[in-house]
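The values are calculated or read from the model by the stated rules, or taken from the named source; none is laboratory data. Please read all numbers here as calculations on a predicted model, not as lab measurements. Cβ: placed from backbone, ideal geometry, glycine included. Neighbour counts: every protein chain shown.
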Number of protein chains: 4
Amino acid sequence: MSSVSIGENIKISLFGESHGLAIGGVIDGLPHGQKVDMEKLDKFMARRKPGSGKYVTQRKERDEIKFLSGIKDFIIMGDPLAVIIENNNIRPEDYKTLAYTPRPSHIDFSAKKKFGEHIDLIGGGHFSARLTAILTAFGGIAKQILESKNILVSAHLDRIREIQDTRHNDIENIQKAVEKSENNRYSIINEENMEKIDKVLQELVKEKDSTGGIVECSVFGLPPGVGNPVFDGLENNIAKMSFAIPGVKGIEFGSGFEGALKLGSENNDNFYIDERKEIKTKTNHAGGIIGGISSGMPINLKVAFKPTPSIGKEQETVNIQTMSNTRIKIKGRHDPCIAIRGVVVVEAIVSLVVLDYLL
Amino acid sequence: MSSVSIGENIKISLFGESHGLAIGGVIDGLPHGQKVDMEKLDKFMARRKPGSGKYVTQRKERDEIKFLSGIKDFIIMGDPLAVIIENNNIRPEDYKTLAYTPRPSHIDFSAKKKFGEHIDLIGGGHFSARLTAILTAFGGIAKQILESKNILVSAHLDRIREIQDTRHNDIENIQKAVEKSENNRYSIINEENMEKIDKVLQELVKEKDSTGGIVECSVFGLPPGVGNPVFDGLENNIAKMSFAIPGVKGIEFGSGFEGALKLGSENNDNFYIDERKEIKTKTNHAGGIIGGISSGMPINLKVAFKPTPSIGKEQETVNIQTMSNTRIKIKGRHDPCIAIRGVVVVEAIVSLVVLDYLL
Amino acid sequence: MSSVSIGENIKISLFGESHGLAIGGVIDGLPHGQKVDMEKLDKFMARRKPGSGKYVTQRKERDEIKFLSGIKDFIIMGDPLAVIIENNNIRPEDYKTLAYTPRPSHIDFSAKKKFGEHIDLIGGGHFSARLTAILTAFGGIAKQILESKNILVSAHLDRIREIQDTRHNDIENIQKAVEKSENNRYSIINEENMEKIDKVLQELVKEKDSTGGIVECSVFGLPPGVGNPVFDGLENNIAKMSFAIPGVKGIEFGSGFEGALKLGSENNDNFYIDERKEIKTKTNHAGGIIGGISSGMPINLKVAFKPTPSIGKEQETVNIQTMSNTRIKIKGRHDPCIAIRGVVVVEAIVSLVVLDYLL
Amino acid sequence: MSSVSIGENIKISLFGESHGLAIGGVIDGLPHGQKVDMEKLDKFMARRKPGSGKYVTQRKERDEIKFLSGIKDFIIMGDPLAVIIENNNIRPEDYKTLAYTPRPSHIDFSAKKKFGEHIDLIGGGHFSARLTAILTAFGGIAKQILESKNILVSAHLDRIREIQDTRHNDIENIQKAVEKSENNRYSIINEENMEKIDKVLQELVKEKDSTGGIVECSVFGLPPGVGNPVFDGLENNIAKMSFAIPGVKGIEFGSGFEGALKLGSENNDNFYIDERKEIKTKTNHAGGIIGGISSGMPINLKVAFKPTPSIGKEQETVNIQTMSNTRIKIKGRHDPCIAIRGVVVVEAIVSLVVLDYLL
């Protein structure tokens, strides 16, 4: 198996290569009769579009989704929904020289070892982050369906270099925060940091370097009792799906790695009865999940994105044909920080996983 | 679904409640004809046994595995292998008072919301960490099979409170390190820290508190090209399985969250040709996995365990019957740090996932 | 994979060998809070018990189910339900001489080719029809749950040799017919044939021969709209599960093979509005399923059981050690017609599949 | 779930509606590096093409497969292979009048009950037999891969009305028979029956009626030991996949329903050692499968297709809007016997299932 994800109800197949004819996907199991707000979906898709920010990759894909099946008059019919995005900005010559010199921390070496010489890795091939456009489309629909059930999924760029955004746990008016992070080019809550990030990226472009970043995502409004014990809990499946996003190297829920160093008396979330006579916890170090099952507090998680591996700086590599050491400078158009566009993809996959439990 | 794990080849079902008749599991898909070294398996199982260390829970389960099927004369036959561990040290009276006052950061509240009033949560019920004994038995067999293919899976207690163990990346003679961490009661490499950990635990017991910890695990000897892109990569499936261990709240591969704050030029792993004419990388910030597929470098990951939620200290909770705020002091026998016994469980689940890819 | 069945909601693992320590199974996904009527379940189980009829196998297993988990005070808790049946009537000496001479139409030869020499095939090993006792237990619970939703699953011995039972489509008072077929030792509706079947079996025992049979099963009360198109329709999954019963060699829905020879104008089921203003069809050649989805008419299917392969008559076989032709007379206790005890197993698996769609 | 098929290694997603933009599918898990003979694939596809015989539907789809991914220079790369067939002969006006009067034995009624009013059922929508074109494309590739392993999958029209074709078990030169049945318009072995079938179809067209048919399929060259016990045997999975073909209502292996009426001494397959010192059976009533596992004899099965439900003859139905009885005459272009074009689809799905076991 590779590109088929098996939720209990929602099944997704992804296909396509970065510089092939088209990329696409099939999603089966969405609830029929649901109307899709296309304008909203376009806006959602735009948040991961290349070329939208000043410092993200200059490759200008139109990223226009074409629905092949499953939807009519914007209503989900119930049979599998298939979408494709045709590739119309193919510049494979950028990549030709790379055939025998695997790029450091890129899939070139590992993928050839698995698939042999015939696999097409131009622009990442099937491993390309471009496939997240399809996941984003599916996740955007899932997010709309969740919203119709008063469940809100929202992510923001929690951290890039030394710049720390406001965290979901630290704010009172989450609605306002979410509106902000959905509407600026870095998906941050504290917009005072916009220019600081501009400068970080400017510097990275100048230095032909890149950086990673951390994305925080929360799910507000999920009732308690959703999930499963042992192998199919919320954490298991959100984690599994998160690692489908290229560049993700870590995930933690609630206090996560920090909580591992705390005392039980510090990390435990004490119960109380709130003003609406509902049982809540005073803190949310559990990230809203205990034993794989939602507690009624917001689901909260952080995802670590590694720095974009494609950098213009000279790096050491090997020539696998001559079996000798050599050096490489990667050309082409690359994001200095994939975590920025990753924010909306995290929202998408979390929406898909959470929706799967509710069907 | 809840307690069935679907690898491509290996399927596992777990069952049982902590204080029921027996816990057990079924594993299907192990390679037939393989001999199981029972002494080795017993030793492996002993590493997670309660009551073995001075400061772990005093509940003395014999944890004796009974094979019901699938094995004859210590040889795996190929049909499903079922094991049970009969419960012979049942003290449910310890838990009786807890029926209406959910323990903070425990599954009581969430599980009742999902399963209703009839679910038996004494001692954690089906959510109990006792079920990891079955996973450990299965993983111990998987580890032996991997060793017959010269693949070594090893974990150690990377961090507890301020005590940092030697890391796998920092050592030359990994074989020696592994021998150490498999043979002391805290599963650490740097045995100079034994007494420091003694003191930490002593203090926790005295304070009726607990702490979390971080476990590092590596897989040595896995060839490049193992894994899958997108949804079924090594990271996806190791992560999914890790969250089946009670108390796990985070996982990272290679440089993980730390790497997210670095530059590409710092975090990328440059290739070179080593003395045996093999392609290696100078560093292993990728944790041996790129795009879901092994790179030939050791697989490396860290898992964050939260502090044991059951603590003797007084905590705030609610009475769900009277819907009023109240306080609770948890009695019973609990580990001050579940991460210690978690080390061998991480080895077990990583062994199971890696073996699944090789069948 | 082999012994794990993946429904959408219900997952089943079976394990055990006919003459091992125990056989058993785990079922996950049954709805929690449901009370199990144990007396009714015992009666259901008794219908497939060996030694209950005059002419079925004389092996007297007590077939006593032991619940290890998932149930308390007869209420399904929601965690996996595990059962075992301990083997207490082991006579492996009956089978010893068979090691090198595969029995005709038995699994001996194929199973050795797959699993190698170590597989234990005494009494059928993991392939034994004894494992259907576990499926029957699980199916008996599923049947009770369906009955609580006013859905009735019922099967009868449609045909043995030249003896044809009354068919479900041909009777008016189905309730009465069902009561009969559940309460006689051949599971037939037309009890006038009891003695004829007695004679057939008497003759078979005398001739050391066996015969096959056909089982008809219907599901009454299933509303229209249940099922799925293409790969996961009712027919796909009922068929898949039916072939899990040892000896099943064919399945047809509605008019099946006979319908294949008819004209469309003969085989089509014309719609009409009945007296209760419901849309029904005048005939039910479709067996209640169109395009994988229920039509509101009774689900109707027939399953073909081959003759018991173990017969006392001399047969030709080979000695795989000396690679020479030889002859064999099979000893041991065997049913002259496995279809008789198969009736209740068909009810069980149909109940499990139908319930899976309704959860 | 609906249109995702989960083999152990091969995963298939189908999508599309008969009169939508395109139909298509994704197949994941085919072995990389395999060259596809496109001419052979075209010829295979042509066998199910509408408009190719004199009496099959006059709808002339070009049925041209467009590969979107997974293949380059005719070599399978290893990432998911996606194909679409664009719809270019859309005549939805043929179907408009049918909106409120469900066609007898058609999916109209059941599908609306499941998916609600929005589902598009023009020309069968997602339920259309047109989707088998995609399965045929995938199966054609699987068949080629099997042939490269010296495994031959072949089907023929075993029976239409009173016309019985030569059976696979009854012939000596199977290679010659296969060549014939692959190369005439009715996929039969005994070409003396060509004109008789012409007449049957001529008569059906004249009478505005249809008929069913039986397809026999064999797999030659599969070694013993392939398959699994209990739930995932060859029979389970071939049966499950067969019912994905619209119109299939029954399946039997080897002697099947006929064998159910025989004695064990008649139906058992006695072993002998053949001239090449291989263990064979004198007969093949088991259809090459015992206990879900291949015996080394040819896999043999028969599939029953119901008569095409769309007939021009007047039929009784109901108007679901006015809830009154009414009559219907179906217009449009329909095969008088879907089993004819079904032959190649059976070959396709059997090839896919068998290949799945061998990967």
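Taken over the range B:327-358, the criterion of being basic (K, R) and either away from chain A (no Cβ under 11 Å) or surrounded by 24 or more Cβ atoms within 10 Å (Cβ to Cβ) (or both) is satisfied by B:K329, B:K331, B:R333, B:R341. Among the residues making up the range C:208-250, those that are within 23 Å of D:A260 (Cβ to Cβ) and more than 8 Å from chain D (Cβ to nearest Cβ) are C:K208, C:V215, C:E216, C:C217, C:S218, C:V219, C:L234, C:I238, C:I245, C:G247. Within the range C:63-70, the presence of at least one residue that is among the hydrophobic types (A, V, I, L, M, F, W, C) and at pLDDT 95 or above is confirmed. Condition test on D:I197, is it part of a helix (DSSP H, G or I) and either touching a residue at least 24 places away in the same chain (Cβ under 8 Å) or within 21 Å of the chain's Cα centre (by Cα) (or both)? Yes; evaluated as a whole, the condition is true for this residue. Can you tell which of D:I107, D:I122 is closer than 29 Å to D:D209 by Cβ and modelled with pLDDT under 85? After applying the criteria, what remains is D:I122. Whenever a residue of the range C:176-190 is more than 22 Å from C:L41 (Cβ to Cβ), its partners that are surrounded by fewer than 20 Cβ atoms within 10 Å (Cβ to Cβ) and not hydrophobic (A, V, I, L, M, F, W, C), lying with C-beta atoms within less than 6 angstrom and at least six residues away or across chains, give the pairs C:I189/C:T166; C:I189/C:K180; C:N190/C:T166.
Return the residues of the range D:155-179 that are surrounded by fewer than 16 Cβ atoms within 10 Å (Cβ to Cβ), within 13 Å of another protein chain (Cβ to nearest Cβ) and within 21 Å of the chain's Cα centre (by Cα); say none if nothing qualifies. The one that is surrounded by fewer than 16 Cβ atoms within 10 Å (Cβ to Cβ), within 13 Å of another protein chain (Cβ to nearest Cβ) and within 21 Å of the chain's Cα centre (by Cα): D:Q164. Scan the range D:143-154 residue by residue and report those that are of a type outside the set (V, I, T) and surrounded by fewer than 24 Cβ atoms within 10 Å (Cβ to Cβ). Result: D:Q144, D:L146, D:E147, D:S148, D:K149, D:N150, D:L152. Filtering the range C:12-31 to residues that are among the β-branched types (V, I, T) and at the interface with chain B (Cβ under 7 Å from one of its Cβ atoms) leaves only C:V26.
Selection of the range A:331-350 for residues being out of contact with any Asp or Glu (no Cβ under 9 Å at 6 or more places or on another chain) and either polar (S, T, N, Q) or outside any helix (DSSP H, G or I) (or both) yields A:H334, A:D335, A:C337. Go through (1) of a type in the set (V, I, T); (2) on the phi > 0 side of the Ramachandran plot; (3) in contact with a Pro (Cβ under 8 Å, 6 or more places away or on another chain) and name the single condition B:T281 misses. Tallying (1) of a type in the set (V, I, T); (2) on the phi > 0 side of the Ramachandran plot; (3) in contact with a Pro (Cβ under 8 Å, 6 or more places away or on another chain), B:T281 fails exactly one: (2). Only one of the numbered conditions (1) surrounded by fewer than 24 Cβ atoms within 10 Å (Cβ to Cβ); (2) in contact with a strand residue (DSSP E or B) (Cβ under 9 Å, 6 or more places away or on another chain); (3) more than 20 Å from B:L359 (Cα to Cα) is not met by B:C217, and that is (1).
Based on this model, can you work out whether D:E182 counts as within 15 Å of the chain's Cα centre (by Cα), at pLDDT below 95 and more than 11 Å from every other protein chain (Cβ to nearest Cβ)? It is true that D:E182 is within 15 Å of the chain's Cα centre (by Cα), at pLDDT below 95 and more than 11 Å from every other protein chain (Cβ to nearest Cβ).
If the condition is being touching a Lys or Arg at 6+ places or on another chain (Cβ under 7 Å), modelled with pLDDT under 75 and in a loop (DSSP other than H, G, I, E, B), then the range B:1-19 contributes only B:M1.
When restricted to residues that are polar (S, T, N, Q) and at the interface with chain D (Cβ under 7 Å from one of its Cβ atoms), the range C:282-306 contains 2.
Look at A:I214 and say whether it is part of a helix (DSSP H, G or I) and in contact with a helix residue (DSSP H, G or I) (Cβ under 9 Å, 6 or more places away or on another chain). So A:I214 does not fit the description; no.
Yes or no: B:S324 more than 17 Å from the chain's Cα centre (by Cα) and surrounded by fewer than 24 Cβ atoms within 10 Å (Cβ to Cβ)? So B:S324 passes the test. Just to be sure, is D:I197 under 24 Å from D:F44 (Cβ atoms), surrounded by fewer than 20 Cβ atoms within 10 Å (Cβ to Cβ) and among the aliphatic types (A, V, I, L, M)? Spelling it out, it is not the case that D:I197 is under 24 Å from D:F44 (Cβ atoms), surrounded by fewer than 20 Cβ atoms within 10 Å (Cβ to Cβ) and among the aliphatic types (A, V, I, L, M). Within the range A:200-212, residues that are free of Cβ contacts under 8 Å to residues at least 24 places away in the same chain reach partners that are assigned to a loop (DSSP other than H, G, I, E, B) with beta carbons closer than 9 Å, at six or more positions or on different chains, in the pairs A:E203/A:D209; A:E203/A:P336.
If the condition is being part of a strand (DSSP E or B) and touching a Leu at 6+ places or on another chain (Cβ under 8 Å), then the range A:149-174 contributes A:L152, A:V153, A:R159. Only one residue in C:E266, C:E258, C:E278 is more than 7 Å from chain D (Cβ to nearest Cβ), over 18 Å from C:V153 (Cα atoms) and within 26 Å of the chain's Cα centre (by Cα). Which one? So the residue among C:E266, C:E258, C:E278 that is more than 7 Å from chain D (Cβ to nearest Cβ), over 18 Å from C:V153 (Cα atoms) and within 26 Å of the chain's Cα centre (by Cα) is C:E258.
Tell me, please, whether a residue that is of a type outside the set (S, T, N, Q), more than 7 Å from every other protein chain (Cβ to nearest Cβ) and in contact (Cβ under 8 Å) with a residue 12 or more places away in the chain can be found in the range B:307-316. Taking every residue of the range B:307-316 in turn, at least one turns out to be of a type outside the set (S, T, N, Q), more than 7 Å from every other protein chain (Cβ to nearest Cβ) and in contact (Cβ under 8 Å) with a residue 12 or more places away in the chain. Residue under question is C:L146, and the condition is that it be over 19 Å from the mean Cα position of the chain (by Cα) and assigned to a helix (DSSP H, G or I); does it hold? For C:L146, the condition - over 19 Å from the mean Cα position of the chain (by Cα) and assigned to a helix (DSSP H, G or I) - is not met.
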